[in-house]
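Worksheet: the structure to be examined is printed underneath.
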Amino acid sequence: TLAGISRYAPNNPFTAIFGLILAGFLDTSVFRYIYLINDILLNLDLVCTLDLRPLFMVLYPHLTDEDIDPHVLSYSSYTNNRITPHLVSQYLMSCIIREKEPRIAEATSKLRQNCMSNPSRMNCQEFCAALEAVHPLATNKTKEHVFKCALANIPGENEKPMVDTRILGQVVAYIQLQSCLPKIITDINDRIHHYRAKIPADMIEAGLKQKQATKEVPIPSKDQAKKQLVCINKAAKSLELLHRNPCWREDLDIAPEYLDLTRSPPS
């Protein structure tokens, strides 16, 4: 398994993220976060790279136009001015690997701002207090459960029950995206079509021609995601890295059920 990760990770962001999760640099909620983003992308009609701007406006409402500009340029360079749901998904995964994904970065920054002691690591009490300010809709049960899940994914024995704020930011980003997912899916196509009306017709036509010439690679649907998670879970079990704590098997009826790799995503 490790040899396969090392072989394919440089050219496959999904495999690279899997390896980083096994190594403890990313939380397992990142997989669920990617699947939620894919759910959004599967509903989009993308024509040209300029569609990325309204997409980011809705997906990351805290970003200004100046913040979005570097992402549009970076994406264009990353994909050679092509745009498909698969390529957008690949780009955002590369952002996660480089710690440049906007929602995760924003969540991590806000957690650090609201931590009263050490902003780089938090215990459960500190995390619950910070999350109250960052995402007040989360229940106490949810806060404690996601902290235990994040703690369980850290390699090695933990003398003190503390988790890196960077890891907790990934968990919070997932919870935030899950809570606003229906509104994003409802609004995003309208925003893209409204913005596209301002784009010159020749650019739209060029984008359509390039789209027709680009071989589309499907991104995982929910059914495919379930199959992928089964494979991921088997690999994780074989390495004995993701199941050191019984909290992964607790059948808690709370929103972040995606955080547990032992369960399939809800239909």
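If we only count helices (runs of 4 or more DSSP H) wholly inside segment 107-200, which ones have 1 or more residues that are among the hydroxyl-bearing types (Ser, Thr, Tyr)?
140-152, 165-196
What tally of residues in segment 78-95 results from selecting those that are part of a helix (DSSP H, G or I) and touching a Cys at 6+ places or on another chain (Cβ under 8 Å)?
0
Scan segment 39-58 and give yes if some residue there is outside any helix (DSSP H, G or I) and among the hydroxyl-bearing types (Ser, Thr, Tyr), otherwise no.
no
Within segment 1-14, restricting attention to residues that are at pLDDT below 85 and buried (at least 17 other Cβ atoms within 10 Å of the Cβ), which residue is farthest from SER94 (Cα to Cα)?
ILE5
Residues PRO70, PRO102, PRO61, PRO54: which one is on the phi < 0 side of the Ramachandran plot and in contact with a helix residue (DSSP H, G or I) (Cβ under 6 Å, 6 or more places away or on another chain)? Steps first, answer last, please.
Values: PRO70 fails: in contact with a helix residue (DSSP H, G or I) (Cβ under 6 Å, 6 or more places away or on another chain); PRO102 fails: in contact with a helix residue (DSSP H, G or I) (Cβ under 6 Å, 6 or more places away or on another chain); PRO61 fails: in contact with a helix residue (DSSP H, G or I) (Cβ under 6 Å, 6 or more places away or on another chain).
After applying the criteria, what remains is PRO54.
Scan LEU42, LEU50, LEU87, LEU92 and give me the residue that is open to solvent by 30 Å² or more (accessible area, probe 1.4 Å), hydrophobic (A, V, I, L, M, F, W, C) and farther than 18 Å from HIS194 by Cβ.
It is LEU42.
Looking at (1) modelled with pLDDT under 90; (2) at negative phi, which is the only condition VAL163 fails?
(1)
Residues of segment 162-202 being loosely packed, with under 13 Cβ neighbours inside 10 Å and either among the charged types (D, E, K, R) or within 20 Å of THR142 (Cβ to Cβ) (or both), which ones?
Residues satisfying the conditions are PRO182, LYS183, ASP190, LYS198, ASP202.
Identify the residue in segment 59-77 that is closer than 19 Å to ALA107 by Cα and either β-branched (Val, Ile, Thr) or outside any helix (DSSP H, G or I) (or both) and, among all such residues, is farthest from the chain's Cα centre (by Cα).
Result: THR64.
Yes or no: GLY24 open to solvent by 10 Å² or more (accessible area, probe 1.4 Å), in contact with a Pro (Cβ under 9 Å, 6 or more places away or on another chain) and either touching a residue at least 12 places away in the same chain (Cβ under 8 Å) or farther than 16 Å from GLU101 by Cα (or both)?
Numbers: open to solvent by 10 Å² or more (accessible area, probe 1.4 Å): yes; in contact with a Pro (Cβ under 9 Å, 6 or more places away or on another chain): yes; either touching a residue at least 12 places away in the same chain (Cβ under 8 Å) or farther than 16 Å from GLU101 by Cα (or both): yes.
Yes: the conditions hold for GLY24.
Could you tell me whether PHE25 is aromatic (Phe, Trp, Tyr) and in a helix (DSSP H, G or I)?
no
The values are calculated or read from the model by the stated rules, or taken from the named source; none is laboratory data. Computed from a predicted structure; not experimentally measured. Note: ideal-geometry Cβ built from the backbone for every residue, glycine included; neighbour counts use all protein chains shown. The area values use the complete protein model at the heavy-atom level, side chains included, leaving out ligands, DNA and RNA. Shrake-Rupley method; radii C 1.70, N 1.55, O 1.52, S 1.80 Å.
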